[in-house]
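Inspection log for the structure reproduced underneath, given as structure tokens.
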Amino acid sequence: MQYPKHLLPHKDNKTIVFEDWLQSFFLLRHTPDQDLIDPDTGKLKFNYIVTQSDHLRDFSTNLLGTYLRADSKIVIRSSKERMLYFNGLWQENEVVEAPKFQEDFEINESRGCFFLCIGELEGQKVPISIADKYTGDAICKILHTPTRSNFWHFSIRWFTESGDAGSQKGAWVDRLFKTQVKTLIHQKALYEVPDCHQVEESYYT
């Protein structure tokens, strides 16, 4: 089995800059299995958003379109060194190696996924406070962060006037990601595959 060519970045690709046309696109986030709906609420199980709240600081997703739901079942499984390579950020003009089946990746058919509309997250604000005093907002930004094994990898991040909240420290940061951000994603999560379309090549070539 060959690794899907449509996931690999090509030397002549370029990073996608956020513009309004992305608002109508959807992000896919994989889950460990397909039993992701809480029968009591009919919504995503809260602990399926992330296994650790710290992962919300740089929330990994994939841009649905060229990236397909079936692609979310691909799992990079390799030596530590090769995993660091394949999961590392791709740099423009870089020629990449394709992962090898069973040596570098496998298929996990039990994986599930949920979806998030970019337009419902980009620019979203949540209030933050330090020492119980209101100080401003954390603002959501959707960033294209292609990896060597997945050109369609996107990150959901949160920024304050001091910069990336994910790189900041303090009890308020923990509250931000454990409560407001996690709750927002829980509210916005979709479970059925939404209508999607591919990104025009002119935006990334």
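The values are calculated or read from the model by the stated rules, or taken from the named source; none is laboratory data. Just so we're clear, the structure is a prediction, and the values are computed from it rather than from any experiment. Because the Cβ atoms are built from the backbone with ideal geometry, glycine has one as well, and the counts that use them run over all protein chains shown. Ligands, DNA and RNA are stripped out before the accessible areas are found, and what is left, the full protein with its side chains, is counted by its heavy atoms. Shrake-Rupley method; radii C 1.70, N 1.55, O 1.52, S 1.80 Å.
Which value results when the Cα radius of gyration for segment 6-59 is divided by 2.2 N^0.38 Å?
On the way: Rg = 15.9 Å, N = 54, 2.2 N^0.38 = 10.0 Å.
Rg over 2.2 N^0.38 Å, computed on Cα atoms: 1.59.
Comparing H30, H186, H55 in a Gaussian network model of the chain where C-alpha atoms under 10 Å apart are linked, the largest mean-square fluctuation is found at H55. Once you divide the Cα radius of gyration of segment 143-189 by 2.2 N^0.38 Å, the number left is 1.36. For C196, the solvent-accessible surface computed with a 1.4 Å probe is close to 70 Å², ligands and nucleic acids excluded.
Rounded to the nearest Hz, the phi-derived 3J(HN,Hα) couplings of segment 43-57 under the Karplus curve 6.51 cos²θ - 1.76 cosθ + 1.60 (θ = phi - 60°) are 10, 4, 4, 4, 7, 8, 5, 8, 6, 9, 4, 4, 5, 6, 5, where x marks glycine and proline.
The aspartates and glutamates within cross-link reach of K80, meaning a Cα-to-Cα straight distance under 14 Å and a gap of 8 or more places when in the same chain, are E103, D104. Solvent-accessible surface (1.4 Å probe) assigned to R148 amounts to roughly 50 Å².
If you take the alpha carbon atoms of segment 88-197 and fit the smallest convex hull around them, that volume is 165 Å³ per residue.
Kirkwood's formula applied to the C-alpha pairs of segment 1-91 gives a hydrodynamic radius of 16.0 angstrom. Bridgeable aspartates and glutamates around K14 (alpha carbons under 17 Å apart, same-chain partners fewer than 8 residues away excluded): E92, E94, E200, E201. When you restrict to C-alpha pairs under 8 Å that are six or more residues apart and normalise by the size of the chain, the relative contact order lands at 32 percent. Orientation-averaged projection of segment 100-155 equals 6.8 nm² [convex hull of Cα atoms, one quarter of hull surface area]. For segment 130-189, the relative contact order comes to 24 percent (Cα pairs under 8 Å, sequence separation of at least 6).
Between their Cα atoms, which of K5/K141; K125/K178; K45/K182 are more than 23 Å away from each other? Each step should come with its number before you reach the end.
Details: K5/K141 28 Å; K125/K178 16 Å; K45/K182 11 Å.
Too far apart for the 23 Å limit: K5/K141.
The ratio of the alpha-carbon radius of gyration of segment 74-113 to the globular-protein estimate 2.2 N^0.38 Å is 1.30.
Could you pull out the GluC sites (Glu not before Pro) across segment 110-177 that fall in loop regions by DSSP (anything but H, G, I, E, B) with no more than 13 other Cβ atoms inside 10 Å? Present the calculation step by step, with values, prior to reporting the outcome.
On the way: sites: E120, E122, E161; in loops: E122, E161.
In loop regions of segment 110-177 (DSSP not H, G, I, E or B), the sparsely surrounded GluC sites (Glu not before Pro) are E161.
Kindly give the semi-axes, whole Å and largest first, of the ellipsoid equivalent to the chain, taking each as the square root of 5 times a Cα gyration tensor eigenvalue. Intermediate values should be presented prior to the final figure.
On the way: eigenvalues 161, 83, 61 Å².
Those come to 28, 20, 17 Å.
Residue ranking by accessible heavy-atom surface, 1.4 Å probe, largest first, among R111, R69 comes out as R69, R111. Among T61, T205, the sequence by solvent-accessible area, most first, with a 1.4 Å probe is T205, T61.
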